[in-house]
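> Structure in structure tokens, see below.
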Amino acid sequence: MMPNLNNDLLQLRNEIALVAARMVAQDGADLDTARRKAARQVLGVTPPKPNMMPDDAQVEDEVRKYLALFGGPAHLERLAHLRATALQVMEALADFNPYLTGAVLNGTAGEHDDIHLQLFADSAKEVEIYLLNRNVNIDVSETPHFKGGRHAPVETVSFPWMKEAVHAELYEYQDLRGALKPRADGQVQRIDIAGLRALIAASDNKES
């Protein structure tokens, strides 16, 4: 009997996703790095074809499964703490239209993860001045624009908050238009203060 190529491909993607998920959960690797390393580990020196690679949603799903299986209460406590801290930061930065994104939003955050925000303000300098006036030490870097390589990178300020690291990408207010569309898999990519409060409440109700 000839092998089912579709099943073989799905099995290969799943194997890469499983290995990548362990790297994300155990080492704090980002999705792209974990996926590339996992592909090399699974396939050896053979460079993977694009259709062999699992997408973000599949890897994130495997990370959640891994943390649910091995993380236990410590993972849930860590995630709850990060979300509560993110809410505090967002409330402090409410004038700049803060949105939560990344691992703290999608539930894959572990001990190595930081809080990632996106702010939509009239100017990046307003945010920097606001933080500096409150004696918050900031480091400034750049992050690729969420709309892709056709757009210039955006300024990003990183700073400590309640002993957690926060990275806030500073977008122009007009970038908010169209930013709230869900991903192709239906998952939200960012949520505002009200959305985070609802997420925290839903998690609390699930645990009670």
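> Test of understanding: express the Cα radius of gyration of region 1-107 as a ratio to 2.2 N^0.38 Å, with N the residue count. Before the final figure, lay out each step's value.
Working: Rg = 17.2 Å, N = 107, 2.2 N^0.38 = 13.0 Å.
So region 1-107 has a normalised radius of gyration of 1.32.
> Once the piece of chain linking Asp27 and Tyr130 is laid out straight, how much longer is it, given 0.36 nm per residue of separation minus the C-alpha distance between them?
Working: separation 103, 0.36 × 103 = 37.08 nm, distance 3.36 nm.
Value of the extension gain: 33.7 nm.
> Glu111 versus Gln41, label points 7 Å from Cα toward the beta carbon: distance in nm?
Distance between the two pseudo-spin positions: 1.8 nm.
> OK, next. Add +1 for every Lys or Arg and -1 for every Asp or Glu among the other residues with Cβ under 13 Å from the Cβ of Gln174, and state the total. Numbers along the way, then the final one.
On the way: positive: Lys147, Arg177; negative: Asp122, Glu172, Asp175.
Around Gln174, the charge tally is -1.
> Right, here's the next one. How much accessible area per residue does the chain have, in Å², with a 1.4 Å probe?
Values: 12260 Å² over 208 residues.
Accessible surface, normalised per residue, equals 59 Å².
> Helix 31-43 versus the longest principal axis of the chain: what is the Cα-based angle in degrees, 0 to 90, to the nearest 10?
Tilt of helix 31-43: around 10 degrees.
> Continuing with the same structure: Along the charge dipole of region 1-120, Cβ charges K/R +1 and D/E -1, which of Gln58, Phe96, Ala74 sits furthest on the positive end?
Positive-most Cα among the choices belongs to Gln58.
> Once R0 is set to 41 Å, what does the formula 1/(1 + (r/R0)^6) return for the Cβ-Cβ distance between Ala202 and Lys49, expressed as a FRET efficiency to the nearest 0.05?
On the way: r = 39 Å, r/R0 = 0.95.
Plugging the Cβ-Cβ distance into 1/(1 + (r/R0)^6) gives 0.55.
> Now, a different point. Which lysines, on any chain, are close to Lys147 with Cα under 27 Å apart, when same-chain ones fewer than 8 places away are left out?
In chain and number order, the partners are Lys37, Lys49, Lys125, Lys181.
> Less than 14 Å Cβ to Cβ from Arg35, Lys/Arg counted +1 and Asp/Glu -1: what total charge do the surrounding residues give?
Working: positive: Arg13, Arg22, Arg36, Lys37, Arg40, Lys49; negative: Glu15, Asp27, Asp30, Asp32, Asp55, Asp56, Glu60, Asp61, Glu62.
Computed value for this residue: -3.
> Right, another one. Under Stokes-Einstein, with the Kirkwood radius over Cα pairs standing in for Rh, what whole-number D in µm²/s applies to region 24-66 at 4 °C and 1.567 mPa s?
Values: Rh = 10.9 Å.
This corresponds to a translational diffusion coefficient of 119 µm²/s.
> While we're on this one: Treat each spin label as a single point 7 Å out from the Cα along the C-beta direction, and report the His145 to Val188 distance in nm.
2.5 nm
> Also, quick follow-up: Relative to the compact globular guide of 2.2 N^0.38 Å, what is the alpha carbon radius of gyration of the chain, as a ratio? Show your work: numbers first, answer last.
On the way: Rg = 18.7 Å, N = 208, 2.2 N^0.38 = 16.7 Å.
Compactness ratio reported: 1.12.
The values are calculated or read from the model by the stated rules, or taken from the named source; none is laboratory data. In this text, all values refer to a predicted model and were calculated from it rather than measured experimentally. Cβ atoms come from the backbone with ideal geometry, glycine included; neighbour counts cover every protein chain shown. Each accessible area value is taken on the protein alone, full model and side chains, heavy atoms only, with ligands, DNA and RNA left out. Shrake-Rupley method; radii C 1.70, N 1.55, O 1.52, S 1.80 Å.
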